[in-house]
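Chemist: The following block contains the structure, expressed as structure tokens.
The values are calculated or read from the model by the stated rules, or taken from the named source; none is laboratory data. Being a predicted model, the structure only gives us computed values, none of them experimental. Here the Cβ positions follow ideal geometry from the backbone for every residue, glycine too, while neighbour counts run over all protein chains shown. In case anyone asks, the SASA skips ligands and DNA or RNA and just uses the protein heavy atoms, side chains included. Shrake-Rupley method; radii C 1.70, N 1.55, O 1.52, S 1.80 Å.
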Amino acid sequence: MKRHLAIGIALTIAALGFRLFLVLRVPNDDDDDGRFYAQIARNLLDHRGYSGEEEEPYVPTYARVPGYPVFLAGVYSVFGRDNNTAVRFIQILLDVVTCWLVALLAVAWAPIGWEREKRRRAMLIALALAAACPFSAVFITTMLTETWSTLLVAAFVLVATLGLKSKRCKTSAPLWLAAGLLAGVATMFRPDSALFLGGAGVMLLIAGLLQTFARLRRSSEEPGREGARPILATTLVSLLAVTIGFASVLAPWTIRNARVFGVFQAVAPPYANMPDEFAPFGYIAWLRTWVDDERYVSPVEDGLGLYPILIERIPDQAFDSPEERDLVRELLDRYNNPGKPATDPSDEDDHAGDPAPAVQMTPEIDAEFGQIARERIARHPWRYYAVLPLKRAASLWFDTHSQYYPFQCQLFPLYDLDTQAHQQYWLWLFALLTWFYTIAGLIGVGVMWKTESSRRWVLLLVLLILPRLAFLAAQEHPESRYTVEFFPLIAAAGSLALASLTLDRIRRGLARAKASCRRRCIIDSF
């Protein structure tokens, strides 16, 4: 016990040290979302209004859910206005707490037959995997929601796991109420976190139905046994509790939006547009017919309304014919040069200090992009509904996840790597780490599946990851940072795989491999 405690303390100190190094060496204030959150926080403090405007009249907004701006406002009020250093140091502590939640989740998912020593080993391995994961750790350096959402999702999954383990209504209902509250708070930081609640809710219903059917079968075989009514009642009460917890968190924000804007808006709108504000849904629909990688998000979507969009940056896969390319070129010319002669704008990086060019996405241009999108979908429905989402899912998962590091970039094409930033080393390392966590998680799933009592955690993990990954893959902006909440869950599963590897098992595996190789050599010699 003392040895495990010492290792846990050492891993915690290492996690703190790694994150402190990141905060001191790679702080990042350049993200537009972060600046918008900070502006809302300042307006909350200065004008007591939830607005993203920099000047009067400070029009209210619901373009972002209030979780992170309220957190920033609280930090600014205590430690000083725009004190982002204090924000980062608090996020260090939050992320270390997440590491311990992952460790506890690994213990909760461990097969029932494991002895205490093996469970502790899994806990420490999960703590190490979470502490060393560079994909989630880097977000403590940013003014973004990922650190909070990762913490809240890990806490929600842990409490939901304990709720699924509980068989008595008296203990199950409070746990599911807490899970609903955590899911609601997570949704107030990242709206798509509600999908985690949906996955756990489906798991709760499936588990309740399976236990009910099993109890009914046993009671029919043995008439004296207790019926299935208590299990069904516990399941229904737990579903009601998690719903109440979730709805109670979303209710104030929903009521505020209904009173201020006259609309039902429980979270933030998908494209951050206000009720009477034009949103380029046609252009976005067109992007969704061809964007399959994060590399296209910045040049064709993030700068929309701010910078010219050059057709030279759009790949051939965006066009089904030369005529379609010419039509898109004409539409982009109209966007890039509203009411002006056509120009040949040079790369925006060469004019970083110049004022933004005058560009405009009009409803007419947007409608024509929407028509192109509909025609492309009609011509190739399989590509739109299956091939592209699968490509986006692969891109989201197997990205290098190097965002916000000094060497951030796409791994391919290799000839584009910046050798001065040592991308040829760091990006390969991050790609290997992605595969390591993924393979370890899959082996952990196999470990859980071997034991009947742990198979439900496999189903829970699938229901937590696949629906949200499918939702993200259906969007036109496959940004890898949206998948960071998955890695704590993968680390918890992967720790079970690594905990199963004892020295004796490794020696036996090597011995079998050596004997097999020797037999093969003997056969080949004949």
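Chemist: In debye to the nearest 20, how big a dipole does the chain give about its Cα centre with +1 on each Lys and Arg Cβ and -1 on each Asp and Glu Cβ?
Modeler: 4840 debye
Chemist: For segment 173-323, count the residues as N, evaluate 2.2 N^0.38 Å, and divide the Cα radius of gyration by that value, please.
Modeler: 1.61
Chemist: Sticking with this one: Under 8 Å for C-alpha pairs, at least 6 residues apart: give me the relative contact order for the chain, rounded to a whole percent.
Modeler: Once divided by the residue count of the chain, the mean separation gives 17 percent.
Chemist: To the nearest 0.05, how large is the calculated FRET efficiency for Arg168 and Asp418 if R₀ is 45 Å and r is the Cβ-Cβ distance?
Modeler: 0.15
Chemist: So, one more: Could you work out the percent of alpha carbon pairs in the chain separated by over 40 Å, rounded to a whole number?
Modeler: 32 percent
Chemist: Sticking with this one: Using alpha carbon centroids, what distance separates segment 242-299 and segment 309-334, in Å?
Modeler: 28 Å
Chemist: Right, something else. Could you please state, rounded to a whole Å, how far the C-alpha centre of segment 1-78 is from the C-alpha centre of segment 154-202?
Modeler: 24 Å
Chemist: Measure out, as a whole number of angstrom, how far apart the alpha-carbon centroids of segment 403-459 and segment 359-388 sit.
Modeler: Comparing the Cα centres of segment 403-459 and segment 359-388, I get a distance of 33 Å.
Chemist: Report the one residue of Phe369, Phe471, Met274 whose Cα lies farthest in the direction of the positive end of the charge dipole of the chain (charges on C-beta: Lys and Arg +1, Asp and Glu -1; origin at the Cα centre).
Modeler: Phe471
Chemist: Same structure, new question: Quote to one decimal, in nm, the extra length available between Val97 and Val297 on full extension: 0.36 nm per residue of separation minus the C-alpha distance between them.
Modeler: Stretched out fully, the Val97 to Val297 stretch lengthens by 68.7 nm.
Chemist: Right, here's the next one. Compute, for Met188, the solvent-accessible surface of its heavy atoms (probe 1.4 Å) with the complete set of protein chains present, and express it in square angstrom to the nearest 10.
Modeler: 20 Å²
Chemist: Going highest first, how would you order 15-27, 231-243 by mean Cβ packing within 10 Å?
Modeler: Order by mean packing, descending: 231-243, 15-27.
Chemist: In square angstrom, what is the accessible area per residue of segment 66-152 with a 1.4 angstrom probe?
Modeler: For segment 66-152, the per-residue accessible area is 31 Å².
Chemist: With the cut-off at 1.5 for a/c, could you classify segment 360-415 from its C-alpha gyration tensor as rounded, prolate or oblate?
Modeler: oblate
Chemist: Taking the simple approach of a point 7 Å from Cα along Cα-to-Cβ for both Tyr58 and Ala247, what is their distance in nm?
Modeler: Inter-label distance under the simple model: 3.4 nm.
Chemist: Quick one: if the Förster radius is 51 Å, what FRET efficiency do Asp32 and Arg217 give, using the C-beta to C-beta distance and rounding to 0.05?
Modeler: 0.35
Chemist: Tilt of helix 169-187 relative to the longest C-alpha principal axis of the chain, in degrees (0 to 90, nearest 10)?
Modeler: The angle comes out near 20 degrees.
Chemist: While we're on this one: Return the inverse of the average 1/r over all pairs of distinct C-alpha atoms in segment 396-497, which is the Kirkwood hydrodynamic radius, in Å to one decimal.
Modeler: Its Kirkwood hydrodynamic radius stands at 15.0 Å.
Chemist: Taking the 0 to 90 degree range and rounding to the nearest ten, how far is the long axis of helix 194-221 tilted relative to the main principal axis of the chain, both from C-alpha atoms?
Modeler: For 194-221 against the chain, the angle is about 30 degrees.
Chemist: By how many nm would the segment from Leu232 to Ser453 lengthen if fully extended, with 0.36 nm per residue of separation less the alpha-carbon distance?
Modeler: Taking 0.36 nm per residue and subtracting the Cα distance, the gain is 77.6 nm.
Chemist: Just to confirm a number: summing +1 for Lys and Arg and -1 for Asp and Glu over residues other than Ile372 whose beta-carbon lies under 13 angstrom from that of Ile372, what do you get?
Modeler: It works out to a net charge of -2.
Chemist: Also, quick follow-up: For the chain, what does -39500 (n - 2.57) per DSSP helix run (n ≥ 4), summed and divided by total residues, give at 222 nm, in deg cm²/dmol to the nearest 500?
Modeler: It lands at -21500 deg cm²/dmol.
Chemist: A further question on this structure: Relative contact order, percent, of segment 442-502 when contacts are C-alpha pairs under 8 Å separated by at least 6 residues?
Modeler: Across segment 442-502, relative contact order equals 56 percent.
Chemist: Compute the long axis of helix 388-398 from its Cα atoms, compare it with the longest principal axis of the Cα atoms of the chain, and write down the angle in degrees, 0 to 90, nearest 10.
Modeler: Tilt of helix 388-398: around 70 degrees.
Chemist: Now for a separate question. Pull out the extension gain between Phe278 and Tyr385, defined as 0.36 nm times the separation in residues minus the alpha carbon to alpha carbon distance; nm, one decimal.
Modeler: 35.9 nm
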